[in-house]
Amino acid sequence: ALTTNGKDPRFSNAHQRSQAVTEIRMRVATLQATISNTLFNMLKAGPKVQEAVLDWIANILRLNLERRKMQFDPVKVSSLGFFVNMGAVMVTLSMPYILSKKDRISTVNPRFLLGKSRVDYNLCTRLHTTTLDLKQLALRLEEEQEDRDYDVDKDEEDNEEDEETAGDSADAHHQQQQEEKAGEE
């Protein structure tokens, strides 16, 4: 619908609208970066804080299971804006793994979703998997992690013994040099 002067009134302030949209995007990006930095610092603060943050994220997902339905009650779930921001924050937190040139897969705990009842697998659809299969998988992963932890502890002990042996050898060599020097005098 054009006016008598030939201009569409919806676009009369297009430049102002563009500036407003740009400003909103910048504020949202700043908010997402601030939340990402806060969560990143909390995850690095220590095991207790890290567990609390991970439990919080798991609770967010658990409390919003209703959202996966075709028609959900918007009063029972978090807003779309919350999930857009949460998704952006999660992507930002995962960037060190995505962009790393090092192999960081070994730092990912495969048992995260299996422990502490963070995820209720009874609500999930599985192909050819029973609850018993999942419990067996959790036990196997736990045993493998214990084996890896034992191997790491054993390697550390071996390294300490090697250092002690090397130290003893150096002391014996030094003592032998002192004795030779004393014999020459």
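So for each of 141-149, 29-37 I average, over its residues, the number of other beta carbons within 10 Å; can you give me the resulting order with the highest mean first? List each step's numbers first, then the result.
Details: 141-149: 11.6, 29-37: 13.7.
Highest-to-lowest ranking by the protection proxy: 29-37, 141-149.
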Among LYS69/LYS101; LYS44/LYS101; LYS48/LYS69, which pairs are too far apart, with a Cα-Cα distance over 32 Å?
-> LYS69/LYS101; LYS48/LYS69
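Each value in this text was obtained by applying a stated rule to the coordinates, not by laboratory testing. Treat the numbers as computed from the prediction; the structure is a model and nothing was measured. With ideal geometry, Cβ positions are generated from the backbone for all residues, glycine too; neighbour counts draw on all protein chains shown.
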